[in-house]
Amino acid sequence: MKESVDFEIWGIYTRGKVPREDQLPEDYGLTHVTKDQIVCRRRLNTRPVQGHTDEQVDESGIEYEAARFVSEHGLVGTLFFHNDLEEHNSESSDSEEEEEEDNSNPPLCTEQRIYEERAILFQAVEHYEKLLDDPIMNRFFQEDDFEVIDKIPLVRLEKEDERRLDGKHPHYSQILDILKNPRFGEQLIVSGVDASQVCIGDIFEAEGGASTLTVEITSPRTVCAWIDKRVSSPFGLKGVKRYCNKRGLGGWFARVLVPGELRHGVKMVRTSCPHPKWNLAYISQSLYGEGPPSYMASSWAYWVGDKKELEELCNLKQLGRYEWKDEAEWILQHFDEYEKQWSNYKKGRLATISDIDHDHTMSLSSFGHNVLDKVHATPFFRRFFSIHRRASSLGCDGPASDAKEIPQN
C-alpha cells in the first residue's frame with residue numbers, strides 16, 4: 001500500500017521589491033548585487049482558510065490578497081526567475097549563431113516547456129530543518145541582518161507560525177525568520193514532507209475541496225550560485241548549492257493541472273504516485289550527486305549508474321526537461337564516453353582540476369577547455385559556455401555563474 005503523503009501550506013510569497021534596483025546595470029549579474037537584492041520575496045496576506053469573510057482587510061487593517069495559480073503561468077500577477085519567458089530568452093540569445101553552425105547538438109528545451117513545467121516552486125520546512133541540523137550549513141541560515149524594504153507585519157500569520165512551532169522547535173527563531181524572508185526564491189513553503197517522500201509525477205490536490213488547485217511534480221530544483229551568495233555561502237564543493245543539489249533540498253517544481261486559489265493552512269494531499277522509485281532525493285543523487293570533482297563543484301549533471309536505469313529516467317514523461325531530462329538524454333546519447341571517463345577517473349587517469357584554491361574558484365581556461373571536451377558539454381553547459389567563453393575568469397560555477405545567468409528574483 002502506498003504511503004499517504006500530504007503537506008500544509010505555511011507560506012505563500014510573491015516577488016518583492018529589489019532594494020536599490022535603480023542603481024543596478026541593465027544586464028546585472030552575480031558580481032553586481034548584494035545578498036539583500038537576491039530572491040526578494042514578500043508574503044501574501046491571504047484570507048483565513050477556515051470560515052468565510054467578506055471583509056477586505058484583516059484585523060490589523062491590512063488588505064487581503066488572493067493567491068491564484070493558473071496553468072503554465074503559475075502565480076497570477078507576477079513572474080519569477082524560473083518561469084519568465086523573457087529572462088529565459090535572454091539566456092540563449094547570444095548562442096544562436098553557434099547553435100546554427102553545429103546542427104549535431106540536440107535542440108535546447110523550448111521556452112514553453114520551461115514555462116509550464118516550472119510554474120510553481122515549492123520549498124519545505126523539513127528541508128530548511130535538514131540544513132539547520134548540519135552545523136556547517138546552519139551558519140548560512142542565521143537570521144537576516146538586513147530589512148526587507150516592502151515587508152508588512154502580518155500579525156495573524158506570524159502568530160500562526162509561532163503556534164505551529166510552539167516555541168520548542170530546535171531552530172525556532174531561524175524558521176520564523178525564514179518564513180518572513182525565504183532564502184530559495186520559492187512561492188510556497190510547506191510542511192509535512194521532504195525530498196524522500198515527493199516523487200516525479202506525483203499529483204497533489206487540496207484536501208476537502210479547500211481549493212480546486214491540482215499540481216503535478218516535475219523535478220527537483222537545482223540550486224544556483226545566486227543562492228550561495230544570498231546566504232553568504234562559499235561557491236563550489238563546500239557551498240549550499242552543492243549540498244542541496246546532491247540531496248534534493250533545493251525544493252521542487254510543479255506544473256499546474258487545474259487552476260485554483262491557495263491560502264495559508266490549506267492541506268495538499270497526494271492522489272497519484274506513478275513513479276515511487278524516483279523521489280526527489282533519489283533523482284538528485286542519481287543525476288547530480290556523484291562524478292568527477294570538476295562536475296560536482298559546479299553541480300553539473302553526471303551519471304555513474306547503469307544505462308538501463310538512465311533510460312528509465314529519460315522515459316519518465318512527467319519529468320521536467322530543463323536541467324533534468326535534457327541533461328539525462330544528452331548523457332544517454334554519449335553514454336559510452338561518460339562510462340569511459342568515469343572508469344578512467346576511478347583509476348586516477350582522468351585529468352581533473354587541480355587549481356581550486358581555498359575559495360573554490362578556478363579559471364575558465366582550466367575549467368572549460370582542459371577538462372570538458374565538446375562531447376561532454378550537456379545542454380545546460382552549452383547554453384552558458386558560449387555566452388561566457390570571452391570572460392577572463394569565472395567563479396567555480398564556470399559558464400553559468402556570471403552576468404548572463406538569470407537574475408534570481
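The values are calculated or read from the model by the stated rules, or taken from the named source; none is laboratory data. The model shown is predicted, which means the values in this text are computed figures rather than measured ones. Heads up, the Cβs are rebuilt from the backbone with ideal geometry, glycines too, and the neighbour counts pull from every protein chain shown. Areas reflect the complete protein model, heavy atoms only, side chains present, ligands, DNA and RNA absent. Shrake-Rupley method; radii C 1.70, N 1.55, O 1.52, S 1.80 Å.
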Q) Sorted by mean Cβ packing within 10 Å, highest first, what order do the peptides 286-298, 137-149, 3-15 take? A) 286-298, 3-15, 137-149
Q) Can you work out ³J(HN,Hα) from phi for every residue in the range 326-333, in order, using Karplus 6.51 cos²θ - 1.76 cosθ + 1.60 and θ = phi - 60°, giving whole Hz and x for Gly and Pro? A) 4, 5, 4, 5, 5, 4, 4, 4
Q: Among L131, F146, S173, flag the residue with its Cα farthest along the positive direction of the charge dipole of the range 114-182, charges on Cβ as +1 for Lys/Arg and -1 for Asp/Glu.
A: S173
Q | Members of K267/K317; K130/K180; K277/K340; K130/K340; K130/K267; K159/K246 lying beyond 29 Å, as alpha-carbon distances in this model show | A | K130/K340; K159/K246
**Q.** Hz values of 3J(HN,Hα) by residue in the range 251-268 - Karplus curve (6.51, -1.76, 1.60), Gly and Pro given as x
**A.** x, 8, 9, 9, 9, 8, 8, 10, x, x, 9, 10, 10, 4, x, 5, 9, 9
Q. For V266, what charge total do you get from the other residues with a beta carbon under 10 Å from its beta carbon, if Lys and Arg give +1 and Asp and Glu give -1?
A. -1
Q: Enter the accessible area of T271 (Å², nearest 10), with the probe set to 1.4 Å and all protein chains included.
A: 80 Å²
Q. Any idea what the relative contact order of the range 1-57 is, in percent, if you count C-alpha pairs under 8 Å spaced at least 6 apart?
A. 40 percent
Q. Given a 1.4 Å probe and every protein chain left where it sits, what share in percent of the accessible area of the range 225-282 is carbon and sulfur?
A. 55 percent
(Q) Whole angstrom only: what separates the Cα centroid of the range 206-227 from the Cα centroid of the range 155-188? (A) 19 Å
